[in-house]
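Below: one structure, written as structure tokens.
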């Protein structure tokens, strides 16, 4: 049994309209949300063995906000994850070595949201319905995956939980 954590990057800044999309940093709300998610992940014992992260600045800064880890994971920044489709993300997961128990994938919508919906084996459970309604910035979906990474398929994941910064902080 494997664990897959899908984390959308935290809220990024749009202050500089001329800045390339790939280079946008987190804004203050994003840094706060990422810190909240770090605290929650620590409380829940969610500590990946491997982090696959888009090379975009906002995903890299989201990852930095999750550090330090209890157990330091292997971190693989990947250009191919920048604005990747669900299929491209699935392909990246299929390349994960079988010895890796837990993977954290930090990426972008709409691909990350589409991947989460594709993996979910029970779209009628409350967490899945919440996730289907949207995958906001700094949201985290935790799945258990029963197949080897190389054979991960649509419907092959059981959604354990779906967490959003808004839901964790209790704000509207």
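For the chain, find the longest principal axis of its Cα atoms and tell me its angle to the long axis of helix 28-44, 0 to 90°, nearest 10.
The angle comes out near 30 degrees.
For an R0 of 22 angstrom, estimate the FRET efficiency from the Cβ-Cβ distance between residue 40 and residue 64 and round to the nearest 0.05.
Efficiency computed from Cβ-Cβ geometry: 0.85.
Let's test this: bin the Cα-Cα distances of the stretch 106-172 at 10 Å from zero up to the farthest pair and state each bin's percent.
21, 54, 22, 3
Using the alpha-carbon atoms, what tilt in degrees (0 to 90, nearest 10) does helix 57-66 show relative to the longest principal axis of the chain?
Approximately 70 degrees, to the nearest ten.
Viscosity 1.567 mPa s, temperature 4 °C: what is the translational diffusion coefficient of the chain from Stokes-Einstein with a Kirkwood Rh over Cα pairs, rounded to a whole number of µm²/s?
My calculation gives 82 µm²/s for D.
With a cut-off of 16 Å, note down the residues of the stretch 2-44 whose backbone N falls inside the zone around a label point 7 Å from the Cα of residue 88 toward its beta carbon.
Correct set: 9, 21-23.
Mind jotting down the distance between the C-alpha centroids of the stretch 36-67 and the stretch 1-33, whole Å?
11
Using a 10 Å cut-off around each Cβ, can you sort 1, 153, 41 from fewest to most neighbouring Cβ atoms?
Fewest-to-most Cβ neighbours within 10 Å comes out as 1, 153, 41.
Each label point is 7 Å from the Cα along the Cα-to-Cβ direction; what then is the distance between the points at residue 133 and residue 15, in nm?
Distance between label points: 3.2 nm.
For residue 78 and residue 23, calculate 0.36 nm times their separation in residues minus their Cα-Cα distance, and state this gained length in nm to one decimal. Kindly include the intermediate steps, with their values, before the conclusion.
Details: separation 55, 0.36 × 55 = 19.80 nm, distance 1.47 nm.
Additional length available on full extension: 18.3 nm.
A short reminder: the numbers here are calculations on the coordinates, not readings from a lab. Nothing here was measured: the structure is a model prediction, and the numbers come from that model. Heads up, the Cβs are rebuilt from the backbone with ideal geometry, glycines too, and the neighbour counts pull from every protein chain shown.
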